[in-house]
Amino acid sequence: MNEILTKQPINQSVNHPINHSVNQSINQSTNHPITQSKLKRLLTLLSIIIIVPLGLATKYYHGSGAPWINNHLGGLFYVVFWCLLAFLFFPEASGWKIVSIVLLITVILEFLQLVHPKFLEAIRSTTIGRTIIGSSFNPVDFIFYFLGAGLGILWISGLKRIKK
């Protein structure tokens, strides 16, 4: 009975497995509060948070060069956004592979604007649908898609080079 009433703190033994695990976690978190992988993800998210309003702003711009900005520049931000989103979910994938797939899908979506089946028109009738798949074909958009792909590969390459 006397052993139970002693005032020895629980888990004070250095060799106790729980204590060792807790100490190891504390040491890791104080030495490296954020891993390289988490930093890249955080910066990718921050990049997306910057790109989205820029892309949306191109649709509502009313200043000098508004027709060009409203109708074409958004395509550049569109491709960069999808590249960054893909990189967020597949950070180990090659930047070139991500950009190539995004560019291919974007080109296919542009050509789909030449056809108007009911299911695509239903999607296009919503703001988000028009934003994602577009509503009218314009070959000039390809220039901005390729510029966006170039910026996308540069952006992803920069994120991949980040070291702690």
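The values are calculated or read from the model by the stated rules, or taken from the named source; none is laboratory data. Just so we're clear, the structure is a prediction, and the values are computed from it rather than from any experiment. Here Cβ is always computed from backbone atoms with ideal geometry, including for glycine, and neighbour counts include all displayed protein chains.
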Original post:
Can you name the helices (runs of 4 or more DSSP H) wholly within region 90-137 that have at least 1 residues being in contact (Cβ under 8 Å) with a residue 24 or more places away in the chain and either in contact with a strand residue (DSSP E or B) (Cβ under 9 Å, 6 or more places away or on another chain) or within 27 Å of LEU154 (Cβ to Cβ) (or both)?
Top reply: 95-112, 127-133
Original post:
Of the residues that sit in region 138-164 and are under 22 Å from PRO91 (Cα atoms) and not in a helix (DSSP H, G or I), which one is modelled with the highest pLDDT?
Top reply: ARG161
Subject >> Residue check for ALA86: under 12 Å from the mean Cα position of the chain (by Cα) and among the small types (Gly, Ala, Ser) >> reply: yes
Original post:
Can you find a residue in region 31-48 that is over 26 Å from LEU154 (Cα atoms), at pLDDT below 95 and surrounded by 11 or more Cβ atoms within 10 Å (Cβ to Cβ)?
Top reply: yes
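So that you can scan it fast, the table gives a plain yes or no per residue for (1) surrounded by fewer than 13 Cβ atoms within 10 Å (Cβ to Cβ); (2) within 30 Å of ARG161 (Cα to Cα); (3) of a type in the set (Ser, Thr, Tyr); (4) out of contact with any Cys (no Cβ under 7 Å at 6 or more places or on another chain):
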{"site": "LEU54", "(1), (2), (3), (4)": "no, yes, no, yes"}
{"site": "SER64", "(1), (2), (3), (4)": "yes, no, yes, yes"}
{"site": "LEU76", "(1), (2), (3), (4)": "no, yes, no, yes"}
{"site": "LEU85", "(1), (2), (3), (4)": "no, yes, no, yes"}
{"site": "LEU104", "(1), (2), (3), (4)": "yes, yes, no, yes"}
{"site": "THR131", "(1), (2), (3), (4)": "no, no, yes, yes"}
